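Visitor: Please see the structure below; I have some questions.
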Amino acid sequence: MTLLARHAENLFWIGRYVERAETLARLLGVGSRNALLPNTAGGYRNEWESILSASGTRPGFDAKFGDVVERNVESYLVFDTDNPSSIASCFEHARENARIVRTALTSQTWDALNGAHREMLDLKRTERSKLSTSDLIDWTIGHASMIRGTIGDTQLRNDGFDFLNLGAYLERADATARILDVKYFVLLPQIADVGSGLDNYQWRTILRALSATRAFNFAYGGEVSATKIADFLIFNRQAPRSLATCAASVRSHLDHLARQYGVDTGAQTRARAWRERLRGTSVDEVFDTGLHEFLNAEMNEVAAINTLISDIYLSGEAVS
């Protein structure tokens, strides 16, 4: 028995929205840590503008707020329901999708999704001065982890599980590329800063934002460099948030759907090619080409696979 296409779409977007909420929290962590640094290099630098650009929310923010300052950015990215990608909106959308497919979810998964939404409503009613940015970040990451935990521990390994995880891993790949792009393309525009204390601090901030500092130290001995961190977050299959890990997971879930539905589609072909291309590329080649250009291409690849999944599975072509 296979899912109705509309139910597959609901599950797919639960995975995407939960991961997106966590990404917003991690981006806020990058901004808040880098905002503590003095601008010793001179010139203009606004970390909060880079966070808005990376999250893809700058146009909506500019339409609503004038000044790009921490308070406004935090409000827009965490609580503002006019922002469809805010943390509050993501948990609301995830919960609404879960309500529609309630019978496809275990009670533990539903409780985790519903609980996050209800707690967010309480947070929105709380006086802002009582809510620190770090507490909001920790709350979001904690609830996203709880939801993923219940999915992993309680859901059947059926097509619904595949769609939940396809959404999550595509969103995660996009997030890793965006967070890396904040550092290299926006925060460090001056070549003279490469290798400086500011440069190394910002790279370490990326690791902390992805909860990857200790894992990186285990894998690379703790010596921080742009090349090693990029290699870890793009190509290292041991890193849970690397592009290579996400690509392998997307391929695995799509291959499982192909076996279950008895049909191999363009989505599987594209996902396999994505994984093989990453396996055949080195970090030196990435920096020779340009990290920003490479990351932009990866985000486009994620969008292309998302479109194929939507057209083939979520529109009903292969799911009945």
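Visitor: Which condition does Ser53 not pass, out of (1) in a helix (DSSP H, G or I); (2) open to solvent by less than 40 Å² (accessible area, probe 1.4 Å); (3) at pLDDT below 85, if it passes all the others?
Guide: Here Ser53 meets the rest and fails (2).
Visitor: Only residues that are under 19 Å from Asp231 (Cα atoms) and in a loop (DSSP other than H, G, I, E, B): list them for region 269-320, please.
Guide: Residues satisfying the conditions are Gly280, Thr281, Ser282, Gly290.
Visitor: Turning to a different aspect of this structure: Looking at Ser89 and the list (1) of a type outside the set (Val, Ile, Thr); (2) loosely packed, with under 14 Cβ neighbours inside 10 Å; (3) out of contact with any helix residue (DSSP H, G or I) (no Cβ under 8 Å at 6 or more places or on another chain); (4) part of a helix (DSSP H, G or I), which single condition is not satisfied?
Guide: (2)
Visitor: Could you list, in sequence order, all residues of region 1-35 that are assigned to a helix (DSSP H, G or I) and among the β-branched types (Val, Ile, Thr)?
Guide: Within region 1-35, Ile14, Val18, Thr23, Val30 qualify.
Visitor: Continuing with this model, one more query. For region 48-101, enumerate the residues that are of a type in the set (A, V, I, L, M) and over 21 Å from Ile14 (Cβ atoms).
Guide: Ile51, Leu52, Ala54, Ala63, Val68, Val69, Val73, listed by residue number.
Visitor: Test Ala98 against the stated conditions and say whether it is more than 25 Å from Gln260 (Cα to Cα), surrounded by 21 or more Cβ atoms within 10 Å (Cβ to Cβ) and modelled with pLDDT of 95 or more.
Guide: Against the criterion (more than 25 Å from Gln260 (Cα to Cα), surrounded by 21 or more Cβ atoms within 10 Å (Cβ to Cβ) and modelled with pLDDT of 95 or more), Ala98 does not qualify.
Visitor: Okay, next question. Looking for something under 26 Å from Leu136 (Cβ atoms) and touching a Lys or Arg at 6+ places or on another chain (Cβ under 7 Å) - is there at least one such residue anywhere in region 240-262?
Guide: yes
Visitor: With (1) farther than 16 Å from Glu49 by Cα; (2) open to solvent by 10 Å² or more (accessible area, probe 1.4 Å); (3) not β-branched (Val, Ile, Thr) as the list, and Ala116 as the residue in question, which single condition is left unmet?
Guide: Going through the list (1) farther than 16 Å from Glu49 by Cα; (2) open to solvent by 10 Å² or more (accessible area, probe 1.4 Å); (3) not β-branched (Val, Ile, Thr), Ala116 breaks only (2).
Visitor: Among the residues of region 264-271, are any within 16 Å of the chain's Cα centre (by Cα), open to solvent by 30 Å² or more (accessible area, probe 1.4 Å), within 28 Å of Leu3 (Cβ to Cβ) and not aromatic (Phe, Trp, Tyr)?
Guide: no
Visitor: Select from region 172-184 the residues that are of a type outside the set (Ser, Thr, Tyr) and either open to solvent by 10 Å² or more (accessible area, probe 1.4 Å) or modelled with pLDDT under 95 (or both) and list them in ascending order.
Guide: Across region 172-184, the qualifying residues are Arg172, Asp174, Ala175, Ala177, Arg178, Ile179, Leu180, Asp181, Val182, Lys183.
Visitor: Another question about this same structure. Given the condition outside any loop (DSSP other than H, G, I, E, B) and under 29 Å from Gln202 (Cα atoms), answer yes or no: does some residue in region 107-128 qualify?
Guide: Within region 107-128 (the criterion being outside any loop (DSSP other than H, G, I, E, B) and under 29 Å from Gln202 (Cα atoms)), the answer is yes, since at least one residue qualifies.
The values are calculated or read from the model by the stated rules, or taken from the named source; none is laboratory data. No experiment lies behind these values; they were computed from the predicted model shown. So basically every Cβ, Gly included, is an ideal-geometry build from the backbone, and we count neighbours across all protein chains shown. The area values use the complete protein model at the heavy-atom level, side chains included, leaving out ligands, DNA and RNA. Shrake-Rupley method; radii C 1.70, N 1.55, O 1.52, S 1.80 Å.
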